[in-house]
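Notes for the one structure printed next.
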Amino acid sequence: MKKITSLLLLWVMALPLLAQMQEPVKFSVAQNKLSDSEFEIVFTGNIDPGWHVYSTDIPEGGPTPATINFDEQKGVEPVGKLTARGNVHKAFDELFGMEVSYMEGTAVFVQKMRITEASYSVKGYLNYGACNDQNCMPPTNVEFSFEGEGKPQAAAAKAAPEKKKEVAEAESAKKEEAAPLVEAKEAVAVPADSVVVDSAVAAVPADNKAAVGTTDYWTPVIDELAAFGEAASNAAQQAWWKIFLLGFVGGLVALLTPCVWPIIPMTVSFFLKRSGDKRKGIRDAATYGVSIVVIYVLLGLVITAIFGASALNALSTNAIFNIFFCLLLLVFAASFFGAFEITLPSSWSNAVDSKAESTTGLLSIFLMAFTLALVSFSCTGPIIGFLLVEVSTSGSILAPTIGMLGFAIALALPFTLFAMFPAWLKTMPKSGNWMNCVKVTLGFLELAFALKFLSVADLAYGWHILDREAFLSLWIVIFALLGAYLIGWLRFPHDEDEYDESGNVIVNHRTSVARFFMALISFAFAIYMVPGLWGAPLKAISAFSPPMSTQDFNLYDNEVRADFTDFDAGMAYAKQQGKPVMVDFTGYGCVNCRKMELAVWSDQKVADIMQDDYVLISLYVDEKAKLPEPIKVVENGQERTLRTVGDKWSYLQRSKFGANAQPFYVLLDNEGKPLNKSYSYDEDIDKYVDFLQTGLKNYKK
């Protein structure tokens, strides 16, 4: 807790742009001699909490895997592939539709080498990717260089010339392949404060937007961005508030269930009558409420202590766990529909209740609160379970505790308030059929969310039984049936019948105003999802439905596409056309980049501004295409080598804008100067529109 608080304080107090520069992983590299003829290159990384480094076995199309690359091999050859050691987690990633492996806390990668000559030297770099729940770092290199002496193995020494020949032939083939490409390139300007050993090159776009001339667009503009009032991110704190609010709403819903609501007046009356003193009764009721909070917060702490935040996050995306939780929600839904009743063993609550009666003081009140937690499990259990699974994806070790705190405060508040104002008890709605309506509504919601968890497993195993159309069809039916129930067209076994004076069952055709509006919302939501069957984005449920890539029939064609994927060519074209530029630093493995594109860029107003008024340049910092020639630069006193197109764009983001996390959006004029402060991950469409319009106004000035 102290560490997290300190990090937040440093985040707020630091200079805004410096706050954007992150180094969540710190690698060290060492040479470990195994014998006179073999050694290991060992990379050991310390990972900040909340971050993870991807392992080596990432499928194609996924996030950045860890790879080792050799610039020089003299007298040595690799044995096998780069391997990950330690605690490697595996979990299903919904965005990529695949299982990925990663490490948290500490990452260790090892490459075994065989000595083939009496003296050897080896140079190269480890390339890895790291992400948290808010940002992804660009692919990062860890340089290494070792030399030494050893006793070569006879077989290895014999094979060495052949290996060298193969490497030489491969390098020659690469140069021949790159030659035509080099001729079609033109020099790219680089920041003045960097020492460039080899010249950079930029590809001319293949479309008709030819680059016209070059300017020093790489000049750093960190101070200019600061002048716009660059704001430090506070995403973690915002996430905590959302988790607390989610828990609080869950507690309010639990209050309205038949397991909790009828207990409120009985418990408050008991405290007021037992003491005979109103002040003491209020104190006892308040103690009862605090005890409820303590019990549920302890539950959150125990769950975190048992599993840990990283394990909870892994479970939340694990295919088998999602199948289990889907089945569990189906069971709870059937229970809420009236098929059967789920309760904890009565001996548990009886034992706690008898213990409460035999004790006095604060302990007896605490045991009474514990009894409430046990007897209300059939109603609160599904809500708590769903809450814990949802908050586990935040990656924060405090998430389950904060969620339980919100839940418990909402659950405990009425006991204290009604004790302070006992006259309010007379205004409480009496228990009745409306409470059963709440349970059935929760049953429908749990049925809908069960499909969400089944969808994760379906994507993991590639069954294709719950593609986007099938998922949306089921949700449309579920919420249409919920509307039918609320309007009175559908009834379940434990819906109470009404009788006349003679004892005959009568049918009440009247629908309450509250149920009418709830039915209206449910029917409207079902109709809202219908266009999704033909590819509409349905931003309201984008976090729950399967990805658009599983859609077989898609008529939607309103995607915002980049005009250029090369910075200098795009800047030159914008200058020729007299338009401002939006630079989008993104990545193929950037989860939140895809969220922004689906939730924000798909908005018609945003799309119109971006397509009509800006030249959009998307720069992928994890682009693996090799540069025709490596670029050596000096950054922060250290020499770095840029080998890929992604390396170049990542360096541009760091050196020019003082940032290194994605997504990162910045608006520029035709001289490469900022028009507004930068924009990161925030799905508020109005803020994004204001961000774009402010840039246009400043450009016109």
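The values are calculated or read from the model by the stated rules, or taken from the named source; none is laboratory data. Please read these numbers as outputs of a predicted model, since none were measured by experiment. Cβ: placed from backbone, ideal geometry, glycine included. Neighbour counts: every protein chain shown.
Condition check ((1) among the aliphatic types (A, V, I, L, M); (2) touching a Lys or Arg at 6+ places or on another chain (Cβ under 9 Å); (3) touching a residue at least 60 places away in the same chain (Cβ under 8 Å)) across all residues:
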| position | (1), (2), (3) |
| --- | --- |
| Ala599 | yes, yes, yes |
| Ile609 | yes, no, yes |
| Ile617 | yes, no, no |
| Lys626 | no, yes, yes |
| Ser650 | no, no, yes |
| Arg654 | no, no, yes |
| Lys687 | no, no, no |
| Asp690 | no, no, no |
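Could you tell me which residue of segment 511-535 is nearest to Leu445 (Cα to Cα), considering only residues that are of a type in the set (Gly, Ala, Ser) and crowded, with 17+ Cβ neighbours inside 10 Å?
Filtering segment 511-535 for residues of a type in the set (Gly, Ala, Ser) gives 512, 514, 519, 522, 524, 526, 532, 535.
Filter once more, so that each one left must be crowded, with 17+ Cβ neighbours inside 10 Å: 519, 522, 526, 532, 535.
Details: Ala519: 14, Ser522: 11, Ala526: 13, Gly532: 20, Gly535: 24 Å.
Top of the filtered list is Ser522.
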Practice prompt. Kindly provide the set of residues from segment 256-286 that are crowded, with 19+ Cβ neighbours inside 10 Å and modelled with pLDDT of 80 or more, ordered by number.
Written response: none
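To keep it simple, each residue is scored yes or no on (1) of a type in the set (Phe, Trp, Tyr); (2) part of a strand (DSSP E or B); (3) modelled with pLDDT of 90 or more; (4) at negative phi.
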site	(1), (2), (3), (4)
Ile631	no, yes, no, yes
Val666	no, yes, yes, yes
Asp686	no, no, yes, yes
Thr694	no, no, yes, yes
Fill in: Residues of segment 661-689 that turn out to be within 14 Å of Asp613 (Cα to Cα) and of a type in the set (D, E, K, R), as a count
1
Item to complete: Kindly indicate whether any position in segment 119-140 is at pLDDT 85 or above, surrounded by fewer than 18 Cβ atoms within 10 Å (Cβ to Cβ), outside any strand (DSSP E or B) and not basic (Lys, Arg).
Response: no
Worksheet item: So, of the residues in segment 591-611 that are among the aliphatic types (A, V, I, L, M) and part of a helix (DSSP H, G or I), which turns out to be surrounded by the fewest Cβ atoms within 10 Å (Cβ to Cβ)?
Response: Ala607
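Any idea which of Phe92, Phe146 is in contact with an Asp or Glu (Cβ under 8 Å, 6 or more places away or on another chain) and not in a loop (DSSP other than H, G, I, E, B)?
Numbers: Phe146 fails: in contact with an Asp or Glu (Cβ under 8 Å, 6 or more places away or on another chain).
Sole residue among the options that is in contact with an Asp or Glu (Cβ under 8 Å, 6 or more places away or on another chain) and not in a loop (DSSP other than H, G, I, E, B): Phe92.
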Worksheet item: Right, Val79: surrounded by 17 or more Cβ atoms within 10 Å (Cβ to Cβ) and either touching an Asp or Glu at 6+ places or on another chain (Cβ under 8 Å) or not in a loop (DSSP other than H, G, I, E, B) (or both) or not?
Response: no
Fill in: Some residue of segment 66-76 being on the phi < 0 side of the Ramachandran plot, modelled with pLDDT under 85 and outside any strand (DSSP E or B)
no
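Determine, yes or no, whether Glu623 is within 23 Å of Asp568 (Cα to Cα) and surrounded by fewer than 18 Cβ atoms within 10 Å (Cβ to Cβ).
Values: within 23 Å of Asp568 (Cα to Cα): yes; surrounded by fewer than 18 Cβ atoms within 10 Å (Cβ to Cβ): no.
No; evaluated as a whole, the condition is false for this residue.
Only one residue in Thr64, Thr44 is assigned by TED's automatic domain parsing to the domain that holds Phe146 and under 24 Å from Tyr620 (Cα atoms), so which one is that? Can you show your working first?
Numbers: Thr44 fails: under 24 Å from Tyr620 (Cα atoms).
Answer to the check: Thr64.
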Worksheet item: Among the residues of segment 28-65, how many are closer than 19 Å to Glu143 by Cβ and in a loop (DSSP other than H, G, I, E, B)?
Response: 3
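Kindly indicate the residue of segment 668-684 that is in contact with a strand residue (DSSP E or B) (Cβ under 7 Å, 6 or more places away or on another chain) and in a loop (DSSP other than H, G, I, E, B) and also nearest to Ala572 (Cα to Cα) among those meeting that condition.
First, the residues of segment 668-684 that are in contact with a strand residue (DSSP E or B) (Cβ under 7 Å, 6 or more places away or on another chain): 668, 674-676, 678-680.
Those left that are additionally in a loop (DSSP other than H, G, I, E, B): 675-676, 678, 680.
Values: Leu675: 17, Asn676: 20, Ser678: 21, Ser680: 25 Å.
Going through the qualifying residues, I end up with Leu675.
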